[in-house]
Amino acid sequence: MRILKFGGTSLSNVKKFLIVEEIIKDKIKHEQISIVLSAPEKITNYLVESIKTAITKKRLIQLNFIENIIKKFLSELEKTLPSKILEKLKEEINAEILKLKDLLQTVSLLEKCPKNLNATIISRGEIFSIFIMNAILKSKGYQITIINPIKTLIGIGDYLNATIDINLSKNKIKKLKIPKKNVILMPGFIAGNKEKKLVALGRNGSDYSAAILSVCLEARYCEIWTDVDGVFTADPKIVKDAKLLNFLTYSEAMELSYLGAKVLHPKTISPLAKFNIPCLIKNTLNKNASGTIIKNFSKENSPTVKGVTSLDDITMFSISGLEKKEIHNLTGRIFSKISQKELSPILILQNSSNGNLDFCISDNETEKTFEVLKNELFTELKNKLIHPIKIIKNTSIVSIIGNKFQLKKNIYLNLFLGLQKNNVNILAISKNLSQNSISIVIKKCDVIETIQNIHSALFNQNYKIIEVFLVGIGGVGSTLLNQLKKQQKILQHKNIDIKICSISNSKKTIFNEKGIVLNNWMKEFENSKNTFSLEDLLKKIKSNKFINPVFIDCTSSEKIAEKYVDILSHHMHIVASNKKANTSCNKLYRNIRLITKKYDLKFLYETNIGAGLPVIENFQNLINSGDKLIQFRGILSGSLSFIFGKLEQGISLSKATMMAKELGFTEPNPQDDLLGIDVARKLLILAREAGYDLELSDIEIDSLLPKEFNLNLNTKDFFLELKKIDTQFLNRILEAKKENKILRFVGIIEKNGKCKVKIEKIEKSDPLYSIKNGENALAFYTKYYQPNPLVLKGYGAGNNVTAAGVFSDLLRTLSYNLGT
Ligand code: ADP
Ligand code: ASP
Ligand code: MG
């Protein structure tokens, strides 16, 4: 015998019922099977709502939803069922809907819903499922026996949250004479009490029904069919990269479900474990996936972490100010009263040394619990022997589940690393005595981000995800996308998954939280009708809860740079080839550093100077290791390096500039290069790194263009105007030549921090003498490096090297050693 339970997610439409039938057809070839069914998806929720609506005497709107779902089922079934079976099904369902309306009418008249009526109403969905499945199976020629759980499963306790007496139920089921060839059908979620009245087993309780039926029928297996491939290390709807757990022990599965993994009802595993029946979790829409198997594994459990879960809608009660010696006595009194009222605390934390007792309870038990506490502690409260009871609503319990945590010390380290990521406020923390779970209580609004961060800290130590939000798709940005496309697969083999979640320029944007396919991003971008707004992008980032988002700025926009503090406050790193943030006012410069420090984020801008040359990181390392800059001299502009190299060969200034433009070395408007502002910006960045508190206006610029040069020309006229100063320039070059020197455009930081950008005559022994063809050279004269400076040289412009520099900054956000 094998029990197969199908949840609401597997029964949301006729197509899915037919998939279930195929699974049955497959399984029945090997052994007899029993099918336990939940209500079609959403129906139980609507039924719960319909009770609330009936009580408040609004119209029975919610029933319309249910009737519509049923109508849809019946119309889809017209193609599948012979008319006789279909007619019978319609009669059964209509009768049930009439009954339901009657019940809701009674609730409406009573203005309240007694628990017995409530249980009957909310379990109608299961009855619909049985009617539909019975009709489908009949039409396919199956022999069927329907078990009525009200008569056979004996429920004890609350009408809405009953527990089943296994022995009594087993006796009843044994008495049923079920032919061996029949498929057994049973509605989940319900049982009958001793008075044969319907009781419900608690929300999600069909899993429990299946477990009980497995025990009663002595099944070899209990299979729970749902909408995910099995039990994951976290709810896959919350953690996108949660990992499937192929094996779980009974106790691990019990702990996971008790502490919130909705995939299994918490009461399911205990009866299966008691009778040693393995449980298999399978995906109805992916039936060939192996699933998760839960049983007793003979091997000793090694120290492991199995998953992260959460229980939401929790209230935390805090009783404080107790006398040390009183606390045990009081704890006993409180919890015996709480259990008498059938209230079930989920987590209890007692601190005898400071007279504190905290416990958590489900939100819907808050009022009752408060009543119990007020009565029980009446004297203490009246005489001010304890502080007023503190109630914190809307909290969640986040738990890590596994084995032998005492042997796995880095669990605590990783837990706190995860928690630190979103600076979450921890209200309470507890570990259970058997060392197989740790729980923390936090505000509910923090729960999703907290689960994601803890999960990533615990499970993604070797697997890194970067979510990229790129702004700017000019030369550098689009080259970067090409490089990313080429490397994506290779990096995946190194456990680095780079997802490009948005690509934008100043006008348009494309966004895909799962990652844009880079093969045809350009076409997708061209076709996009979505206008770009940074605010909208940040909103999306906030609501999608990414794991490791990185904002890449390949624009030269001042407006975007001004928003860096805002961007960083969304907990994303920034990688920028844009220099504007580092060269605008000191206030922004400092605020960016403050916020990166506060949230432990990275702001990387290696390409701001020398494109792909490793300038900033090396310079920062020098300063951090105690070195001090004495003087700096450098050729910091690829375009000017190219132009001055050409001048040396006798080519005129205007021609050399034109050549540089054609090769893509210059800014779109070449006058920006010739004015020397770009070099001044780079010099400012270096000076600030060296610790000088300067503004751009403090840099003295001796521009290549004379003061009277008209700066408001279009490109064509600009070149005509430039031609006019060719001779003047030629003369300067010849003059230098007479002294055996050449001209270079140099950025200088003097010993006193004074910064200058100017054309210098350079002699052969100078490290900057041979720099041309777009190369950059940076000579650092420091306390450690003198009299010979530390010289970094190489191509300092061009889309390929700059994009590669941005790419390597992107990888540095992981602080990850790529190895070989
Ligand atoms: P069914 O209708 O089949 O009973 P449920 O919605 O009750 O389905 O349970 C399945 C859902 O449980 C999944 O869709 C998933 O979102 C959620 N879930 C929560 N935690 C986990 C987990 N650790 N592993 C797998 N699924 C989980
Ligand atoms: N239909 C019930 C619910 O939604 C029982 C179940 O699905 O297991 O809670
Ligand atoms: Mg369920």
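Can you find a residue in the range 781-789 that is over 21 Å from V679 (Cα atoms), surrounded by fewer than 16 Cβ atoms within 10 Å (Cβ to Cβ) and touching a Lys or Arg at 6+ places or on another chain (Cβ under 9 Å)?
yes
For the range 16-39, which positions are away from ligand 3 (no atom under 16 Å from the Cβ), closer than 17 Å to T226 by Cβ and of a type in the set (K, R)?
Within the range 16-39, just K27 meets the criteria.
Given the condition over 24 Å from Q452 (Cβ atoms), surrounded by fewer than 21 Cβ atoms within 10 Å (Cβ to Cβ) and touching a residue at least 24 places away in the same chain (Cβ under 8 Å), answer yes or no: does some residue in the range 535-542 qualify?
Within the range 535-542, the first condition is being over 24 Å from Q452 (Cβ atoms), and the residues that meet it are none.
No, the range 535-542 contains no residue that is over 24 Å from Q452 (Cβ atoms), surrounded by fewer than 21 Cβ atoms within 10 Å (Cβ to Cβ) and touching a residue at least 24 places away in the same chain (Cβ under 8 Å).
Do we have any residue at all in the range 161-180 that's within 16 Å of ligand 3 (Cβ to nearest atom), closer than 23 Å to I24 by Cα, in contact with a strand residue (DSSP E or B) (Cβ under 9 Å, 6 or more places away or on another chain) and in contact (Cβ under 8 Å) with a residue 12 or more places away in the chain? Even if it seems obvious, please write down each step before you answer.
Filtering the range 161-180 down to residues within 16 Å of ligand 3 (Cβ to nearest atom) leaves 161.
From what's left, closer than 23 Å to I24 by Cα: none.
Checking the range 161-180: not a single residue is within 16 Å of ligand 3 (Cβ to nearest atom), closer than 23 Å to I24 by Cα, in contact with a strand residue (DSSP E or B) (Cβ under 9 Å, 6 or more places away or on another chain) and in contact (Cβ under 8 Å) with a residue 12 or more places away in the chain.
Which condition breaks for M254 when tested against (1) out of contact with any His (no Cβ under 8 Å at 6 or more places or on another chain); (2) within 16 Å of ligand 2 (Cβ to nearest atom); (3) without any contact (Cβ under 8 Å) to a residue 40 or more places away in the chain?
Against the list (1) out of contact with any His (no Cβ under 8 Å at 6 or more places or on another chain); (2) within 16 Å of ligand 2 (Cβ to nearest atom); (3) without any contact (Cβ under 8 Å) to a residue 40 or more places away in the chain, M254 comes up short only on (2).
Just checking, which of E606, E662 is within 15 Å of A797 (Cβ to Cβ), more than 33 Å from the chain's Cα centre (by Cα) and among the charged types (D, E, K, R)?
Working: E606 fails: more than 33 Å from the chain's Cα centre (by Cα).
Just one listed residue meets the conditions, E662.
Given the conditions (1) within 16 Å of ligand 2 (Cβ to nearest atom); (2) out of contact with any Phe, Trp or Tyr (no Cβ under 8 Å at 6 or more places or on another chain), which single one is not true for A39?
(2)
Can you name the residue in the range 464-475 that is among the hydrophobic types (A, V, I, L, M, F, W, C) and either closer than 13 Å to M522 by Cβ or at pLDDT 95 or above (or both) and is also farthest from the chain's Cα centre (by Cα) among such residues? Step through it out loud before you land on a result.
So in the range 464-475, the residues among the hydrophobic types (A, V, I, L, M, F, W, C) come out as 465-466, 468-471, 473.
Among the residues that remain, those that are also either closer than 13 Å to M522 by Cβ or at pLDDT 95 or above (or both) are: 468-471, 473.
Numbers: V468: 14, F469: 15, L470: 19, V471: 22, I473: 26 Å.
Only one residue tops the list, namely I473.
Looking at this structure, is N246 under 30 Å from V308 (Cα atoms) and within 16 Å of ligand 2 (Cβ to nearest atom)? I'd like the intermediate steps shown before the answer.
Working: under 30 Å from V308 (Cα atoms): yes; within 16 Å of ligand 2 (Cβ to nearest atom): no.
In short, no.
When you scan the range 228-251, how many residues do you find that are under 22 Å from G8 (Cβ atoms), assigned to a loop (DSSP other than H, G, I, E, B) and without any contact (Cβ under 8 Å) to a residue 60 or more places away in the chain?
3
Kindly indicate whether any position in the range 57-68 is polar (S, T, N, Q) and either outside any helix (DSSP H, G or I) or more than 37 Å from the chain's Cα centre (by Cα) (or both).
Filtering the range 57-68 for residues polar (S, T, N, Q) gives 62, 64, 68.
Narrowing further to those that are either outside any helix (DSSP H, G or I) or more than 37 Å from the chain's Cα centre (by Cα) (or both): none.
No, the range 57-68 has no match at all.
Among the residues of the range 24-57, write down those that are farther than 17 Å from N283 by Cα and without any contact (Cβ under 8 Å) to a residue 60 or more places away in the chain.
Result: K29, H30, K42, N45, Y46, E49, K52, T53, A54, I55, T56, K57.
Starting from the range 206-219, keep only residues that are under 16 Å from N161 (Cβ atoms) and within 16 Å of ligand 3 (Cβ to nearest atom), then list their pairs with residues that are aromatic (F, W, Y) and at pLDDT 95 or above whose Cβ atoms are within a distance under 8 Å, requiring at least 6 positions of separation or different chains.
S206/F189; S209/F189
Identify, by number, the condition in (1) at pLDDT below 95; (2) within 16 Å of ligand 1 (Cβ to nearest atom); (3) β-branched (V, I, T) that T106 doesn't meet.
So the condition that T106 fails would be (2).
Which of the residues belonging to the range 215-227 are part of a loop (DSSP other than H, G, I, E, B) and within 16 Å of ligand 2 (Cβ to nearest atom)?
In the first step, residues of the range 215-227 are kept if they are part of a loop (DSSP other than H, G, I, E, B); the result is 217-220, 227.
Hit for the range 215-227 is D227, nothing else.
Quick check on this structure: which one of Y208, Y250 is crowded, with 18+ Cβ neighbours inside 10 Å, among the aromatic types (F, W, Y), within 12 Å of ligand 1 (Cβ to nearest atom) and over 23 Å from the mean Cα position of the chain (by Cα)?
Details: Y250 fails: within 12 Å of ligand 1 (Cβ to nearest atom).
That would be Y208, the only listed residue that is crowded, with 18+ Cβ neighbours inside 10 Å, among the aromatic types (F, W, Y), within 12 Å of ligand 1 (Cβ to nearest atom) and over 23 Å from the mean Cα position of the chain (by Cα).
Residue by residue through the range 371-418, note down the ones that are basic (K, R) and in contact with a Gly (Cβ under 8 Å, 6 or more places away or on another chain).
Just the residues of the range 371-418 that are basic (K, R), to begin with: 374, 382, 384, 390, 393, 404, 408-409.
The answer is K408, and nothing else.
Among the listed residues L213, L201, which satisfies the condition of being in contact with a His (Cβ under 9 Å, 6 or more places away or on another chain) and crowded, with 24+ Cβ neighbours inside 10 Å? Lay out the reasoning, then the answer.
Details: L213 fails: in contact with a His (Cβ under 9 Å, 6 or more places away or on another chain).
Going through L213, L201 in turn, the sole match is L201.
For the range 21-38, name all the residues that are within 14 Å of ligand 1 (Cβ to nearest atom) and either surrounded by 23 or more Cβ atoms within 10 Å (Cβ to Cβ) or modelled with pLDDT under 95 (or both). Even if it seems obvious, please write down each step before you answer.
Within the range 21-38, the first condition is being within 14 Å of ligand 1 (Cβ to nearest atom), and the residues that meet it are 23, 35-38.
Result: I35, V36, L37, S38.
Assess whether S528 counts as being surrounded by fewer than 14 Cβ atoms within 10 Å (Cβ to Cβ) and not charged (D, E, K, R).
No; evaluated as a whole, the condition is false for this residue.
Every residue, every condition in (1) within 12 Å of ligand 1 (Cβ to nearest atom); (2) at pLDDT below 95; (3) farther than 14 Å from K5 by Cβ, yes or no:
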{"site": "E223", "(1), (2), (3)": "yes, no, no"}
{"site": "T233", "(1), (2), (3)": "yes, no, yes"}
{"site": "I238", "(1), (2), (3)": "yes, yes, yes"}
{"site": "K267", "(1), (2), (3)": "no, no, no"}
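Name every residue in the range 757-773 that is touching a Leu at 6+ places or on another chain (Cβ under 8 Å) and either in contact (Cβ under 8 Å) with a residue 24 or more places away in the chain or among the aliphatic types (A, V, I, L, M) (or both), in order of residue number. Write out each step before concluding.
Let us first name the residues in the range 757-773 that are touching a Leu at 6+ places or on another chain (Cβ under 8 Å), namely 757, 759-762.
Answer for the range 757-773, where residues must be touching a Leu at 6+ places or on another chain (Cβ under 8 Å) and either in contact (Cβ under 8 Å) with a residue 24 or more places away in the chain or among the aliphatic types (A, V, I, L, M) (or both): V757, I759, K761, I762.
Pick out the one residue from S290, S310 that is polar (S, T, N, Q), within 13 Å of ligand 1 (Cβ to nearest atom) and not in a helix (DSSP H, G or I). Write out each step before concluding.
Values: S290 fails: within 13 Å of ligand 1 (Cβ to nearest atom).
Step by step, each of S290, S310 is checked, and only S310 is polar (S, T, N, Q), within 13 Å of ligand 1 (Cβ to nearest atom) and not in a helix (DSSP H, G or I).
Of the residues that make up the range 253-260, is at least one within 13 Å of ligand 3 (Cβ to nearest atom) and within 26 Å of the chain's Cα centre (by Cα)? It would help to see each step written out before you state the result.
Initially, the range 253-260 is screened for residues within 13 Å of ligand 3 (Cβ to nearest atom), giving 257, 260.
Then keep just the ones that are within 26 Å of the chain's Cα centre (by Cα); that gives 257, 260.
Yes: the range 253-260 contains one or more residues that are within 13 Å of ligand 3 (Cβ to nearest atom) and within 26 Å of the chain's Cα centre (by Cα).
Just for the range 299-340: of the residues that are small (G, A, S) and over 25 Å from the mean Cα position of the chain (by Cα), which one is modelled with the lowest pLDDT?
First, the residues of the range 299-340 that are small (G, A, S): 302, 307, 310, 318, 320-321, 332, 336, 339.
After this cut, where a residue has to be over 25 Å from the mean Cα position of the chain (by Cα) as well, the list is 302, 318, 320-321, 332, 336, 339.
Working: S302: 66, S318: 93, S320: 87, G321: 83, G332: 85, S336: 90, S339: 88.
So the residue we want is S302.
Looking at the range 692-713, I want the residues that are under 15 Å from P670 (Cβ atoms) and have a partner that is part of a loop (DSSP other than H, G, I, E, B) and of a type outside the set (A, V, I, L, M) with Cβ atoms under 6 Å, at least 6 apart or on another chain. Which pairs are those?
S703/G676
Which of the residues spanning the range 109-119 are surrounded by fewer than 21 Cβ atoms within 10 Å (Cβ to Cβ) and either touching a strand residue (DSSP E or B) at 6+ places or on another chain (Cβ under 7 Å) or part of a helix (DSSP H, G or I) (or both)?
Residues satisfying the conditions are L109, L110, K115, N116, L117, N118.
Look at the range 181-198 and say how many of its residues are over 18 Å from K262 (Cβ atoms) and either within 16 Å of ligand 3 (Cβ to nearest atom) or within 39 Å of the chain's Cα centre (by Cα) (or both). It would help to see each step written out before you state the result.
Pass one, the range 181-198, residues over 18 Å from K262 (Cβ atoms): 181-187, 190-198.
Imposing the further condition that a residue be either within 16 Å of ligand 3 (Cβ to nearest atom) or within 39 Å of the chain's Cα centre (by Cα) (or both) reduces the set to 186-187, 190.
Total meeting the criteria: 3.
What are the pairs with Cβ atoms under 7 angstrom where one residue, in the range 4-19, is in contact (Cβ under 8 Å) with a residue 24 or more places away in the chain and the other, located anywhere, is of a type in the set (K, R) and more than 10 Å from ligand 3 (Cβ to nearest atom)? Sequence gap at least six, or different chains.
These pairs meet every condition: L4/K27; S10/K16.
The values are calculated or read from the model by the stated rules, or taken from the named source; none is laboratory data. All values derive from a computational prediction rather than experimental measurement. Cβ: placed from backbone, ideal geometry, glycine included. Neighbour counts: every protein chain shown.
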